[in-house]
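A.B. asks: Okay, handing you the structure first.
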Amino acid sequence: SAVISQKPSRDICQRGTSLTIQCQVDSQVTMMFWYRQQPGQSLTLIATANQGSEATYESGFVIDKFPISRPNLTFSTLTVSNMSPEDSSIYLCSVELSSRQGENEQFFGPGTRLTVL
Amino acid sequence: SQKIEQNSEALNIQEGKTATLTCNYTNYSPAYLQWYRQDPGRGPVFLLLIRENEKEKRKERLKVTFDTTLKQSLFHITASQPADSATYLCALYSSASKIIFGSGTRLSIRP
């Protein structure tokens with residue numbers, strides 16, 4: 001299993017500013033994932049972060065808006081840039097570990113609740 | 001288009017009864033399907049995984065079925081307790097090696 005922590009747990013920000021969310025894992029992992037979960041909605045994958053290479057973004061998400069860093073195998077950051085109220089959401093990081101049977105299980109951090117005024 | 005639907009946004013049942021949650025999907029060929037529990041203010045927590053060649057899997061009071069013909073999974077909690085109240089998410093792991101989540105069903109167990 002994996003234990004994941006995120007900072008901050010919540011924040012209230014002004015429109016036009018940026019917020020960087022940190023994610024720390026207790027073990028080394030190849031891929032880390034960043035999700036967004038809007039109220040009452042499903043989790044939407046923003047991007048996949050590999051150590052030593054640029055993040056891979058899903059359709060509808062771009063690097064200029066959500067720059068990601070992955071400096072080592074246990075840490076990643078997601079920045080929400082030039083925020084607007086539409087960015088108000090819970091942001092979650094996760095890692096994927098494989099079982100002996102080769103099945104993938106996702107472990108999630110507690111999330112960062114962002115409110116943009 | 002590809003879609004995952006969970007039967008209802010909210011489900012309220014009496015303590016002791018069996019809760020049954022439904023997950024339907026279209027235009028996927030999932031290698032396996034997972035169920036997660038999410039409590040308010042927390043990230044999802046993995047509960048059970050069922051493969052495409054498995055019909056049923058059990059873990060304590062939890063039971064999951066997977067019907068690839070109907071493109072449906074059922075998630076059962078027997079002898080439900082108020083502590084089972086949470087949002088339950090189904091997730092498909094597709095052949096494209098991506099995990100796709102449903103929007104979840106909020107389950108409330110009343111004493």
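A.B. asks: How much accessible area does residue B:98 have with a 1.4 Å probe, in Å² rounded to the nearest 10?
C.D. replies: 80 Å²
A.B. asks: Would you pull out the residues with amide H under 5 Å of residue B:86's amide H, same chain only if 5 or more places away, H placed 1.01 Å from N?
C.D. replies: Amide H neighbours of residue B:86: B:107.
A.B. asks: Once the Cβ-Cβ distance between residue A:54 and residue A:1 is put in as r, and R0 is 25 Å, what FRET efficiency do you end up with, to the nearest 0.05?
C.D. replies: The computed FRET efficiency comes out at 0.30.
A.B. asks: Just which residues of the range A:33-67 lose 20 Å² or more accessible area with every protein chain there, against their chain alone, with the probe set to 1.4 Å?
C.D. replies: Residues passing the criterion (a loss of at least 20 Å², heavy atoms only) are A:35, A:37, A:42, A:43, A:58.
A.B. asks: As a test question: what accessible area, to the nearest 10 Å², does residue B:54 have when a 1.4 Å probe is rolled over all protein chains in place?
C.D. replies: 50 Å²
A.B. asks: Using a Förster distance of 25 angstrom, determine the FRET efficiency expected from the C-beta separation of residue A:64 and residue A:31, and round it to 0.05.
C.D. replies: On the way: r = 22 Å, r/R0 = 0.88.
That pair, residue A:64 with residue A:31, gives E of 0.70.
A.B. asks: Moving on to the next point. For B:39, B:84, give me the order by solvent-accessible area with a 1.4 Å probe, most accessible first, ignoring ligands, DNA and RNA.
C.D. replies: Output order, biggest surface exposure first: B:39, B:84.
A.B. asks: For the full complex of protein chains and a 1.4 angstrom probe, list B:36, B:93 by accessible area with the highest value first. Could you put the intermediate results ahead of the total?
C.D. replies: Numbers: B:36 0, B:93 20 Å².
Ranked from most to least accessible, the order is B:93, B:36.
A.B. asks: Which far-off residues, 5 or more places away or on another chain, put their amide H under 5 Å from the one on residue A:103, with H placed in the peptide plane?
C.D. replies: none
A.B. asks: Heads up, I need the accessible area for residue A:75: 1.4 angstrom probe, whole protein in place, Å², nearest 10.
C.D. replies: 40 Å²
A.B. asks: Whenever you get a sec, compute what percent of the accessible area on chain B sits on carbon and sulfur atoms (1.4 Å probe).
C.D. replies: On the way: 2590 of 5630 Å².
The value for chain B is 46 percent carbon and sulfur by accessible area.
A.B. asks: For residue B:17, which sequence-distant residues (separation of 5 or more, or a different chain) have an amide H within less than 5 Å of its own amide H, given hydrogens modelled in the peptide plane?
C.D. replies: Here the answer is B:80, since their amide H atoms fall under 5 Å of that of residue B:17.
A.B. asks: Pop out the ³J(HN,Hα) list for the range A:101-117 in order, Karplus 6.51 cos²θ - 1.76 cosθ + 1.60 with θ = phi - 60°, rounded to Hz; leave Gly and Pro as x.
C.D. replies: Result, ordered by residue: 7, x, 9, 9, 10, 9, 10, 10, x, x, x, 10, 8, 10, 10, 10, 9 Hz.
A.B. asks: Distance between the C-alpha centers of the range A:12-61 and the range B:59-77? Whole Å please.
C.D. replies: Taking the Cα centre of the range B:59-77 as reference, the centre of the range A:12-61 is 30 Å away.
A.B. asks: If the chain between residue B:71 and residue B:27 were fully stretched, how many nm would it gain, using 0.36 nm times the residue separation less the Cα-Cα distance?
C.D. replies: Details: separation 44, 0.36 × 44 = 15.84 nm, distance 0.91 nm.
Contour length minus the Cα-Cα distance gives 14.9 nm.
A.B. asks: With every protein chain present, what is the per residue accessible area of chain B (1.4 Å probe, Å²)? Present the calculation step by step, with values, prior to reporting the outcome.
C.D. replies: On the way: 5630 Å² over 111 residues.
Roughly 51 Å² per residue, with all protein chains present.
A.B. asks: Also, I was wondering about something else. Given R₀ = 41 Å, FRET efficiency for residue A:17-residue B:57 by Cβ-Cβ distance, to 0.05? Intermediate values should be presented prior to the final figure.
C.D. replies: Working: r = 46 Å, r/R0 = 1.13.
Taking R0 as 41 Å, the efficiency between residue A:17 and residue B:57 is 0.30.
A.B. asks: Given N residues in the protein assembly as shown, what is Rg(Cα) / (2.2 N^0.38 Å)?
C.D. replies: Values: Rg = 17.8 Å, N = 228, 2.2 N^0.38 = 17.3 Å.
Relative to the rule-of-thumb radius for its length, the protein assembly as shown sits at 1.03.
The values are calculated or read from the model by the stated rules, or taken from the named source; none is laboratory data. Everything numeric in this text was worked out from a predicted model, so none of it was measured. Methodologically, a virtual Cβ is constructed for each residue, glycine included, from the backbone with ideal geometry; neighbour enumeration extends over all protein chains shown. Note: areas computed on protein heavy atoms with side chains; ligands, DNA, RNA excluded. Shrake-Rupley method; radii C 1.70, N 1.55, O 1.52, S 1.80 Å.
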